[in-house]
């Protein structure tokens, strides 16, 4: 007699749509202006603004950790969503500046929130991390594995910046952004997503030291291998091409055109990159959400902070289509079209 195979109840349920039901963000109090940087390295406000669009950035206190910033952003998102910590099934933190190698930063967030019923892990995809984490979260909800997922992008980049390198230290800041994801009946939510990687270019944006490949030793500690290294011109070129391609691909997958978008939220790295993408997409800059002038590049937190600011300032209303697109080291990039 052939025994029948047990049936997975999840397979009997249709896939669910996934919506963002709340957003939150946090940036540290300390402001580091371009004028402040003029006193630290050979640079000028005019040079920084002309080449990047950045005027200031936020810097975390010495005793302020990535998990603490992540928790503050998470609390704001949960409050807006009307969701209690004990309702969270999964916490995903996107970061390249974790509190420590392990436990994951998400574990510390769970402890601070009191979200004892949540599974926790981190995602490392550099500046693309928040959208990578959001797509992972969407799969858990769509397949009935989780009901409520908290996704956070959080970074303390000030701890890995070489403050003597004028080409990179002017770019980065600290902060965190969060989103609560759930199925919302009758809503399209996340319509289409795209993720891509080109590992042939791992060396143009990297933090080489501190891992098993290049451990920090007494002999090499002065080489500052545990700080960000970037080939700026090449990163710029790759970012424009990758973000444009990802935007067009996800629009095609969703059956939309650029004109259908109420708001575009790009990775906040460089104003000229965003201008180039806007020009090639033939979309006016007014439809792009930009806050890099105030926060600089906060890596995985950047698009999450901008999303929260766009949400809270009324940049999109229910039913609007928005595009999120990001690019980071790896090289990694991703895009998502969402009906708000």
Note on the chain, DSSP bridge orientation, antiparallel percent to nearest 5 equals 70 percent
Rounded to 0.05, the calculated FRET efficiency for the beta carbons of residue 112 and residue 198 at R₀ = 22 Å is 0.05
FRET efficiency (residue 162, residue 212; Cβ distance; R0 22 Å; to 0.05) is 0.50
To the nearest 10 degrees, the tilt of helix 129-142 (Cα long axis) against the first principal axis of the alpha carbons of the chain is 0 degrees
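Go ahead and estimate [θ] at 222 nm for the chain from helices alone: -39,500 (n - 2.57) per DSSP H run with n ≥ 4, summed, over the residue count, rounded to 500. Present the calculation step by step, with values, prior to reporting the outcome.
Details: 9 runs with 101 residues, N = 340.
For the chain, the value works out to -9000 deg cm²/dmol.
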Most fluctuating of 214, 140, 121 in the GNM of the chain (C-alpha, under 10 Å) is 214
Stretched fully, the stretch from residue 222 through residue 35 gains (0.36 nm per residue minus C-alpha distance, one decimal, in nm) 64.6 nm
On the formula 1/(1 + (r/R0)^6), with r taken between the Cβ atoms of residue 100 and residue 257 and R0 of 51 Å, the FRET efficiency rounded to 0.05 is 0.65
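With both bridge residues required to lie in segment 62-212, what share of the DSSP beta bridges run antiparallel, to the nearest 5%? Don't skip to the end; give the middle numbers.
Values: 9 of 19 bridges.
If we restrict to bridges inside segment 62-212, about 45 percent are antiparallel.
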Here the relative contact order (percent) of the chain, from C-alpha pairs under 8 Å and at least 6 apart, is 25 percent
Cα extents of the chain along the principal axes, largest first, in whole Å, come to 75, 49, 40
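Report D for segment 174-292 in µm² per second (integer): Stokes-Einstein, Kirkwood Rh on Cα pairs, 37 °C, 0.692 mPa s. The partial results should precede the final answer.
On the way: Rh = 17.5 Å.
So the translational diffusion coefficient is about 188 µm²/s.
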Rh (Kirkwood, all Cα-Cα pairs) for segment 292-340, Å, reads 11.9 Å
Quick calc: nm separation of the 7 Å Cα→Cβ label points for residue 184 and residue 280 -> 3.1 nm
For segment 1-134, percent of DSSP beta bridges that are antiparallel (nearest 5) comes out at 45 percent
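FYI, it's all coordinate maths here, none of it is from the lab. Owing to the predicted nature of the structure, the values given are computational and were not obtained by experimental measurement. Glycine also receives a Cβ, built like all others from the backbone with ideal geometry; neighbour counts cover every protein chain displayed.
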